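Comments concern the structure below.
The values are calculated or read from the model by the stated rules, or taken from the named source; none is laboratory data. None of these values were measured; they are calculated from a predicted model. A quick note on method: Cβ atoms are made from the backbone with ideal geometry, for glycine too, and the neighbour counts reach across all protein chains shown. The accessibility values were calculated without ligands, DNA or RNA, using every heavy atom of the protein model including side chains. Shrake-Rupley method; radii C 1.70, N 1.55, O 1.52, S 1.80 Å.
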Amino acid sequence: MERTKSGFYVIDALALKQPAKKPFHLEDRLRSKDVAAADSFHTNPLDLLPSEGAADAVASHTLRGALRHAAFIEARRSKLSKHTERISKVHAEHKRRLDSESESRRAQLDETMMAAERNRNAIIDAAVQHARETVERAKEVARSQSEKMQHESMVRRREIERRLNMSERRRNKLNLIPRSRWLELQYSSEMDIESARAEAATTIQQRWRKFKLEKLVTQFVTFGISVQRLSDVPFEELVSRVQSDKVIKVTAKLLARLRKMVSHPQKNSEKWNNPARVYLSSYLMFTHPEQVMPEQTELEKTLAKHAESTVQDFETWIDTYSSENGFTNACTFYQSFNAFYNVFMQWKDIDTQKIVTGMVSHYMELERLWLSVMHQVDAEAQWRPRIEAQQTQIVRRLKHFGRSAIVQLDEER
């Protein structure tokens, strides 16, 4: 037991000490070498010459060592090869993943750019469409305002011309009478008094008609329905315009006012059924006769001619309703519209008769079809419900054409 400088005591425990062991392959090699050295120290030098058995042992020992070395080298080589292969696989997988991510990012970037391009084009198209609609609306407003101003200017010009003509006639009458006798009553004949009365009555009538028609005419003009403006309008758009409730309402009021103005109260004038729709259809027949009347028979040609004259006479009356010729133009339009209405009703009756005949023929074909299949096994379940449903639908449609259509169906049965 020893005492150290720091004051601790060290006790020797030799029994606890053990030599470090060597690896098994080195320990066998060193043990064999120690045994060989001890034998050589105690043996005769002559005994050091290798015998046949010792040579075989040495050769076997050398062979085992070479085999272990070769196995060790092969194991190291295999391990290095596997390690290299694993590194190559990891590197290839990493590269593949990077390429896939790069391709995915590139595709996502391309898709984002395409979506942005589509959005940009959509925004540009919407802006262009909005600008186009705004420009068209501005043009339409400017056109309607221009026509309205022209109409008002024409009305004022005709009123001024009427007043100038009246002043000219009065001046000519006064020029025929000496100034010294202007105040003498004997020169005012009864003819002059009657003429003044008639002129006053005409003026009052014109003013009254203008007062009654001015609001309706102004409303109709704002709709933009005229031959000049509708000549280039597509058929579908024209149909939607003339079927507007506001247009039909104003047109019906105009035609009702015209009828009160022109027709004699003591005479029984013809009754009109939906005159506003009938008149507005004249624009369709005048501007698009091929779509409305594709057959173009003699009746269709006559109807198209009456539609043209009716539209022209109506626009002439609208332009001159407050002038001296307003009443005359109103009478002309009234006659034209009566002729157009009569021909239109004839054409409508013929067209309705064709539709009714076709529907009745279809009904009878269904009846004959049922008679031909009624004896089949599944006729009641397969054929009868569908045939009866179609026949019921045809009867329901025929009722819209009046009692004559039902009578014709009953006669065919």
Cβ-Cβ below 8 Å, separation at least six or inter-chain, first residue in the range 128-150 and under 17 Å from Leu230 (Cβ atoms) and open to solvent by 80 Å² or more (accessible area, probe 1.4 Å), second part of a helix (DSSP H, G or I) and modelled with pLDDT under 85: which pairs?
-> Arg143/Arg229
Residue pairs qualifying under the 6 Å Cβ cut-off, at least six apart or on distinct chains, with the first in the range 342-354 being open to solvent by less than 50 Å² (accessible area, probe 1.4 Å) and the second being of a type in the set (Ser, Thr, Tyr), are Val343/Thr302
Ser322 fails exactly one of (1) buried (at least 19 other Cβ atoms within 10 Å of the Cβ); (2) modelled with pLDDT of 80 or more, namely (2)
Give the range 303-312 a look and list any residue that's touching a helix residue (DSSP H, G or I) at 6+ places or on another chain (Cβ under 6 Å) and either within 16 Å of His151 (Cα to Cα) or open to solvent by 60 Å² or more (accessible area, probe 1.4 Å) (or both), or say none.
-> Glu308
Does Glu315 satisfy the condition of being within 30 Å of Thr222 (Cβ to Cβ), open to solvent by 60 Å² or more (accessible area, probe 1.4 Å) and among the charged types (D, E, K, R)?
-> no
From the options Glu85, Glu103, residue that is at pLDDT below 90, in a helix (DSSP H, G or I) and not hydroxyl-bearing (Ser, Thr, Tyr) | Glu103
Sort through Lys212, Lys267 and tell me the only one that's open to solvent by 60 Å² or more (accessible area, probe 1.4 Å), in contact with a helix residue (DSSP H, G or I) (Cβ under 8 Å, 6 or more places away or on another chain) and at pLDDT below 80.
-> Lys212
Checking Thr392 against (1) open to solvent by 70 Å² or more (accessible area, probe 1.4 Å); (2) β-branched (Val, Ile, Thr); (3) modelled with pLDDT under 80, which single condition isn't satisfied?
-> (3)
For the range 360-378, pairs from a residue that is within 30 Å of Gly402 (Cβ to Cβ) to a residue that is among the aromatic types (Phe, Trp, Tyr) and surrounded by 13 or more Cβ atoms within 10 Å (Cβ to Cβ), with Cβ under 8 Å and 6 or more apart or across chains, are Leu369/Trp383; Trp370/Trp383
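Each row is one residue, and each column tells you yes or no for (1) in a helix (DSSP H, G or I); (2) more than 30 Å from Glu324 (Cβ to Cβ); (3) of a type in the set (A, V, I, L, M).
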residue: Ser81; (1), (2), (3): yes, yes, no
residue: Ala92; (1), (2), (3): yes, yes, yes
residue: Met113; (1), (2), (3): yes, yes, yes
residue: Asn119; (1), (2), (3): yes, yes, no
residue: Ala126; (1), (2), (3): yes, yes, yes
residue: Val135; (1), (2), (3): yes, yes, yes
residue: Ala138; (1), (2), (3): yes, yes, yes
residue: Glu147; (1), (2), (3): yes, no, no
residue: Gln150; (1), (2), (3): yes, no, no
